[in-house]
Amino acid sequence: MSIPPPPGPQQPGGPHPQGPYQQPYGPGSPYQPWGQGYSPYNRPAPVNGLAVAALVLGILCFLPAVGLVLGLIALAQIRRRGERGRGLAIGGMVVSSLGLALFVLVFATGGAHQFWEGFKDGARGARGNGVPFSVQKGECFNAPGGALEGEAYDIDKVACSGKHQAEVFANFTLPDGSYPGDAALGEKADTKCYTLHAAYAMDSWAIPDDVDVYYFTPTRESWAYGDREVTCMFGNTDEKASLTGTLRRDATTLSADQLAYLRADAILYDALETAPDAEYVEDDLPGHKQWAARVAAALADQTRELHGHAWRDGAGGPVTGQAAALDRARTEWGKAAEATDADTFYIHYDRGSSLLEGRAAVTARKALGLATTPPSRAEDGDGGGDSGSDGGKKV
């Protein structure tokens, strides 16, 4: 039994239509199949890919010049290959042309610059502490998140006379260069902010014990867009508490007498800040003796400033009394600088410290209208008050 061959492309009903002709083709046929390849059915011509790309780029206004060029290339390919997509290519060219004209208009009117500046401001907003906001020296604010630690993305400026979360006391700019890293950036901000706070809040007695220094710094992202600003501020150590009233005590808020007294005070406190790292005298007696000598020299300069100023409104007598107490303190600090052992150092150190912020200082400050509550390290004692061993003036 013979098995008939399977039907070919032209079976079972004869040759399949191939366009306008119906000629059979085979090994002996003078005709060749159409350029769309061998297929039992006539497939439509493909759509040109560049035509589609031109339209997409034109609609999105993304690199409109590219969309225009792709549209021109697509038209040439469509004519040569017999592909579809002429309408898409033309549409892409039209929309791309409009987008290109819009880009030219934006650049000509400065809109591009405004857009870029806005973009950079948004990037600066990712500060490690700060955001698309600007807060300057002397301004107070609340952070919506309720905390001054971590990243801040917005602030609400408020009057310093009422309750607020933070008060800015300084702004400074870091030098250009590669991003120094979070740890190095924090160390720089910490050192500089603690140095600057005394120039803003000259009366250290007016700084509450629960106030500390905080700062906003750039993040890696904002640094890439030119953010170099560090913002230093006072804030409450209790995240749920707030500050009330300004801590600003500088030349813009003080009288001439107040300013003279606090500037003389700063001479002493700057020297006290140079205490050695060793907490106990026994661990570094030479270092503590050198520190005592610096304090004694500062006390001499301080009393010279106090005696040299012409005090008004009855403040002369109280200030003279404080200068006398400081002279006695200078003698004790000088003896501590010459101590041969730790016990001798402690004896003169305690006597000298007790004379720095005692009753004489309170009386002088009251006469000048300055804060009269000594910092927590000070306690009443002989000569007008006892001071703890902490020689620093950190808030």
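The values are calculated or read from the model by the stated rules, or taken from the named source; none is laboratory data. It should be emphasised that the depicted structure is a prediction, and the values quoted were computed from it without experimental measurement. A quick note on method: Cβ atoms are made from the backbone with ideal geometry, for glycine too, and the neighbour counts reach across all protein chains shown.
Just to be sure, is Arg248 out of contact with any strand residue (DSSP E or B) (no Cβ under 6 Å at 6 or more places or on another chain) and over 20 Å from Ile207 (Cβ atoms)? No. Looking only at segment 240-256, decide whether some residue is part of a helix (DSSP H, G or I) and surrounded by 13 or more Cβ atoms within 10 Å (Cβ to Cβ). Checked against the condition, which is being part of a helix (DSSP H, G or I) and surrounded by 13 or more Cβ atoms within 10 Å (Cβ to Cβ), segment 240-256 yields no hits at all. Annotation note: of Arg220, Arg263, the sole residue that is over 26 Å from His309 (Cα atoms) and touching an Asp or Glu at 6+ places or on another chain (Cβ under 9 Å) is Arg220. Residues that are in contact (Cβ under 8 Å) with a residue 40 or more places away in the chain, over 16 Å from Thr231 (Cα atoms) and outside any helix (DSSP H, G or I) within segment 175-219 comprise Asp176, Tyr179, Met202, Asp203, Ile207, Asp209, Val211, listed in sequence order. Filtered by the rule that a residue be among the hydrophobic types (A, V, I, L, M, F, W, C) and at pLDDT below 95, segment 325-354 gives no residues.
Out of all the residues in segment 365-374, is one or more at pLDDT below 95, in the same structural domain as Gln290 (by TED's automatic domain parsing) and either touching a helix residue (DSSP H, G or I) at 6+ places or on another chain (Cβ under 7 Å) or among the small types (Gly, Ala, Ser) (or both)?
Yes, segment 365-374 contains a residue that is at pLDDT below 95, in the same structural domain as Gln290 (by TED's automatic domain parsing) and either touching a helix residue (DSSP H, G or I) at 6+ places or on another chain (Cβ under 7 Å) or among the small types (Gly, Ala, Ser) (or both).
Among the residues of segment 276-287, those identified as in a helix (DSSP H, G or I) and over 38 Å from the mean Cα position of the chain (by Cα) are Val281, Glu282, Asp283, Leu285, Pro286.
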